[in-house]
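Contents: one structure, followed by commentary.
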Amino acid sequence: AFVTVLEDSALRQAEAVDRAVAEGKGGRLAGVPIALKDNIQIAGERTTCSSKILDGYVSPYDATVTERLRAAGAVFIGKTVMTEWGMSPLGQNAHYRMPTNAHHAERCPGGSSSGSAVGVALGLSPFSIGTDGGGSVRIPAALNGIFSIKPTFGRVSRNGSLSGSVGHIGPLGASPADLAVVLDAIASEPDPLDELTSLAAPPPQGGFGARLGAGVRP
C-alpha cells in the first residue's frame, strides 16, 4: 500500500505528540496514524506521484492539508502508492508494485488513490488522504468496502498537492464519522494559498458531523 514508509519520522512525530499531550496541548487527532497519497507533499520527504519522472523529488514544504493535520496531532506513517499521475481508475502502475483489492487478491483495488484505500481497509491506518478528479477516492473506497468523500470544490485547500486543476483532496476512512473528523481538521478555514477556498461556505455549526444520523429529509 505504501511507496514510502516514514518509520523514523513517525516515531519522532509520536514522541512530539506525547510531549504535547502531557502539556495539555494535544489536538483532536493527537497520535492518530495517517497515510497520505503520494501526490501530497510532506516537507523533507519524497513525493513522486508514483512516477519515475519524480523519483528523486523531495518536497520543500508541507501541503496545507499536511500542515493542518500536523497541527491536529496526526502522525504521518507513509506515502501511499497511486496510479502513475492518477491516470487509472483501476489501480494499475507499470513502475511500482500495486496492492490488490483488500478483500480478494484477484480483484483490482481501484484508483487512483489505491494505497490510501487498501491501507484503511487493511487497518494500517484508521483514515488516509487521497485526491479525486474523476472518482479517485470514491472508486477505491467503494471497491475496498470503506468510506470516502469528494469535498465541494474549494472546501479543502489544494496547495501542495500535485493533483492538477480538477483535483479535490478528500479523506478515506472506516466510517462517515471518521470522514467528518478529518474534514473538521483540514477544512476549517480559507487558505490564502488557494484562492478557491475563499468561495467555500463556512463549515457547518457544530462541525461536519453535527447532523450524522439525522437522515436526508427534508
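The values are calculated or read from the model by the stated rules, or taken from the named source; none is laboratory data. This structure is a prediction, so every number in the text was calculated from the model and none was measured. All Cβ positions, even for glycine, are placed from backbone atoms using ideal geometry, and neighbour counts span all protein chains on display. Just so you know, the surface numbers come from the protein's heavy atoms only, side chains and all, with ligands and any DNA or RNA stripped out. Shrake-Rupley method; radii C 1.70, N 1.55, O 1.52, S 1.80 Å.
For the chain, with every protein chain kept in place, what is the accessible area per residue (1.4 Å probe, Å²)?
In whole numbers, the chain has 48 Å² accessible per residue.
Pop out the carbon and sulfur fraction of the accessible area of the chain as a percent, whole number, probe 1.4 Å.
Its accessible area is 56 percent carbon and sulfur atoms.
For the pair Leu193/Ala71, report the inter-label distance in nm, with labels modelled 7 Å from Cα in the Cβ direction.
Placing both labels 7 Å beyond Cα along the Cβ direction yields 1.2 nm.
Assuming 0.36 nm per residue, please report the length gained on full extension of the stretch Arg211 to Asp18 beyond their Cα-Cα distance.
66.3 nm is the gain from fully extending Arg211 to Asp18.
Suppose only helical runs count, i.e. DSSP H with n ≥ 4. What mean residue ellipticity at 222 nm does that imply for the chain under -39500 (n - 2.57) per run, divided by all residues and rounded to the nearest 500 deg cm²/dmol?
-6500 deg cm²/dmol
So if the hydrodynamic radius of segment 6-105 is defined as the Kirkwood radius over C-alpha pairs, what does Stokes-Einstein give as its diffusion coefficient at 37 °C and 0.692 mPa s, in µm² per second?
The calculation lands on 223 µm²/s.
Taking 0.36 nm per residue of sequence separation and subtracting the Cα-Cα distance, how much length would be gained by fully extending the chain between Tyr57 and Glu106, in nm to one decimal?
Between Tyr57 and Glu106, full extension yields an extra 14.4 nm.
Which of these, Ser114, Ser188, Ser128, has the largest mean-square fluctuation under a Gaussian network model of the chain (Cα springs below 10 Å)?
Ser188
Could you identify which residue out of Ala105, Ala142, Ala16 has the top mean-square fluctuation in a GNM of the chain using Cα springs shorter than 10 Å?
Checking each option, the largest mean-square fluctuation is seen for Ala105.
Dividing the Cα convex hull volume of segment 61-218 by residue count, how many Å³ per residue is that?
125 Å³
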